[in-house]
Amino acid sequence: MAVKRMIDAIREALDEELARDESVIVMGEDVGVKGGVFVATKGLIDRYGPERVIDTPLAESGIVGVAIGAAMNGLRPVAEIQFADFIYPAMDQIISEAARIRYRSNGEWQCPLVVRAPYGAGVRGGLYHSQSVESFFAHVPGLKVVIPSNPADAKGLLKAAIRDDDPVVFLEPKRGYRAIQGEVPEGDYVVPIGPARIAREGEHLTAIAYGMMLHLTMQAAERLEREGVSVEVVDLRTLAPLDRATIVESVKKTGRALVVYEDNRTLGMGAEVAAILAEEALFHLDAPVRRVAMPDVPATPYAAVLEDAVLPNVDTIAQAMRELARV
């Protein structure tokens, strides 16, 4: 298998799905001639033309609204929001319309829509280019929320999202677009939406992460291994639906759980995972569930020293693992 960057795996998935199914279209600001702000769609307009790779006005609500209409009329749109920070004007369309179409039609209508958005910090993007928005969408029944951590999953999960008959919010860790490389299967490689992945086997505690935080958590686990602590790492892959069984079974084995995420701490994915473990694995826990997350600051700072201070890193994750292992 060829080693590829995450951004190249995403482009490959889009290319293959456009070639496989004529009902697939790509739309968003600058996705055509420019090839996208991160060049995820570079070259696609040359192969599939401007009627299937569509440059849109700078109007996120309009992009998603038009995509919903297209999805309800037989197409499979992939709508790109340039940065997740700009998705808020489109939230009404995603939550009030796309997420509820199947329910409001008693199952007669479907909305095969993918909304792609780069998310997260660590690239010195500052206030409007660094936000984590996953918890807003994972809270909404009717939406699937997917976050890949590596190129193979980026390709396989995106292909599954495009083929899904219901709306999927596909969040891409932009810090990993070019930093994360890995082997990517050739051809029609599809990863099902839903199941989590055991990224690393361990015995003494379970660390649960996703996206870019998965890689920092893996590095911290390797550091703890040298100190005699064996850490199992679970890559969630999909936040909605959440793979409760894999989380619970891993924690039943290790007895300790640490949740690592880049979003603000309060009411983030750590709260949901902790609640699940309280409901389904309480008497297997040897210590309280811990969280490592960004503090409840209103925005990611632009200054490098300040951004580094608020983001989880290998040191803070490793320290939390040590403290949890000692309880």
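The values are calculated or read from the model by the stated rules, or taken from the named source; none is laboratory data. Because the structure is predicted, anything quoted here is derived from the model rather than measured. Cβ: placed from backbone, ideal geometry, glycine included. Neighbour counts: every protein chain shown. These accessible areas exclude ligands, DNA and RNA; they are computed on the full protein's heavy atoms, side chains included. Shrake-Rupley method; radii C 1.70, N 1.55, O 1.52, S 1.80 Å.
How many of the residues in segment 32-55 are assigned to a loop (DSSP other than H, G, I, E, B), of a type in the set (A, V, I, L, M, F, W, C) and open to solvent by less than 70 Å² (accessible area, probe 1.4 Å)? It would help to see each step written out before you state the result.
Keep residues of segment 32-55 that are assigned to a loop (DSSP other than H, G, I, E, B), which gives 32-43, 49-52.
Keeping just the survivors that are of a type in the set (A, V, I, L, M, F, W, C) gives 33, 37-40.
Narrowing further to those that are open to solvent by less than 70 Å² (accessible area, probe 1.4 Å): 37-40.
Residues meeting the conditions: 4.
When segment 144-155 is examined, which residues are found to be open to solvent by 10 Å² or more (accessible area, probe 1.4 Å) and in a loop (DSSP other than H, G, I, E, B)?
Quick first cut of segment 144-155, residues open to solvent by 10 Å² or more (accessible area, probe 1.4 Å) only: 144, 150, 152.
Hit for segment 144-155 is Asn150, nothing else.
If you take the residues in segment 299-327 that are of a type outside the set (Val, Ile, Thr) and part of a loop (DSSP other than H, G, I, E, B), which one is most open to solvent (accessible area, probe 1.4 Å)?
Top of the filtered list is Tyr302.
Which members of segment 230-246 meet the condition of being open to solvent by 30 Å² or more (accessible area, probe 1.4 Å), β-branched (Val, Ile, Thr) and touching a helix residue (DSSP H, G or I) at 6+ places or on another chain (Cβ under 9 Å)?
Result: no residue meets the conditions.
Looking at Glu249 and the list (1) in contact (Cβ under 8 Å) with a residue 12 or more places away in the chain; (2) of a type outside the set (Gly, Ala, Ser); (3) open to solvent by 10 Å² or more (accessible area, probe 1.4 Å), which single condition is not satisfied?
(1)
Looking only at residues that are farther than 24 Å from Ala13 by Cα and either aromatic (Phe, Trp, Tyr) or within 17 Å of the chain's Cα centre (by Cα) (or both) in segment 124-140, which one is surrounded by the most Cβ atoms within 10 Å (Cβ to Cβ)? I'd like the intermediate steps shown before the answer.
Start the filter on segment 124-140 by keeping residues that are farther than 24 Å from Ala13 by Cα, which leaves 124-131, 135-136, 139-140.
Checking which are either aromatic (Phe, Trp, Tyr) or within 17 Å of the chain's Cα centre (by Cα) (or both) leaves us with 128-131, 135-136, 139-140.
Details: Tyr128: 12, His129: 21, Ser130: 26, Gln131: 24, Ser135: 20, Phe136: 20, His139: 14, Val140: 18.
That would be Ser130.
Let's see how each residue does on (1) in a loop (DSSP other than H, G, I, E, B); (2) under 23 Å from Val259 (Cα atoms); (3) modelled with pLDDT of 95 or more:
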{"site": "Val140", "(1), (2), (3)": "yes, yes, yes"}
{"site": "Leu157", "(1), (2), (3)": "no, yes, yes"}
{"site": "Asp165", "(1), (2), (3)": "yes, no, yes"}
{"site": "Glu172", "(1), (2), (3)": "no, yes, yes"}
{"site": "Gln219", "(1), (2), (3)": "no, yes, yes"}
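Can you pull out the residues in segment 283-298 that are modelled with pLDDT of 95 or more, open to solvent by 80 Å² or more (accessible area, probe 1.4 Å) and either in a loop (DSSP other than H, G, I, E, B) or farther than 30 Å from Lys253 by Cβ (or both)?
Asp286, Pro288, Asp296
Would you confirm whether or not segment 170-179 contains a residue that is touching a strand residue (DSSP E or B) at 6+ places or on another chain (Cβ under 9 Å) and surrounded by fewer than 20 Cβ atoms within 10 Å (Cβ to Cβ)?
yes
Here's the yes/no breakdown for (1) β-branched (Val, Ile, Thr); (2) under 22 Å from Glu172 (Cβ atoms):
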residue: Ala221; (1), (2): no, no
residue: Leu236; (1), (2): no, yes
residue: Pro241; (1), (2): no, yes
residue: Ile247; (1), (2): yes, no
residue: Thr254; (1), (2): yes, no
residue: Val273; (1), (2): yes, yes
residue: Glu280; (1), (2): no, no
residue: Ala318; (1), (2): no, no
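Give Gly270, Gly255 a once-over and let me know the one that is open to solvent by less than 40 Å² (accessible area, probe 1.4 Å), free of Cβ contacts under 8 Å to residues at least 24 places away in the same chain and in contact with a strand residue (DSSP E or B) (Cβ under 9 Å, 6 or more places away or on another chain).
Just one listed residue meets the conditions, Gly270.
Just to verify a result, which residue in segment 60-113, among those that are within 18 Å of Phe137 (Cα to Cα) and of a type in the set (Phe, Trp, Tyr), is least open to solvent (accessible area, probe 1.4 Å)?
Among those that are within 18 Å of Phe137 (Cα to Cα) and of a type in the set (Phe, Trp, Tyr), it is Phe83.
Run down Ala98, Ala161 and say which single residue is touching a Cys at 6+ places or on another chain (Cβ under 6 Å) and within 20 Å of Glu80 (Cα to Cα).
Working: Ala161 fails: touching a Cys at 6+ places or on another chain (Cβ under 6 Å).
Selected residue: Ala98, the only one of Ala98, Ala161 that is touching a Cys at 6+ places or on another chain (Cβ under 6 Å) and within 20 Å of Glu80 (Cα to Cα).
Going residue by residue through segment 56-66, is there one that turns out to be among the aliphatic types (A, V, I, L, M), assigned to a strand (DSSP E or B) and modelled with pLDDT of 95 or more?
From segment 56-66, those among the aliphatic types (A, V, I, L, M) are 58-59, 63-64, 66; that's our starting set.
With assigned to a strand (DSSP E or B) added as a condition, the list becomes none.
No, the conditions are met nowhere in segment 56-66.
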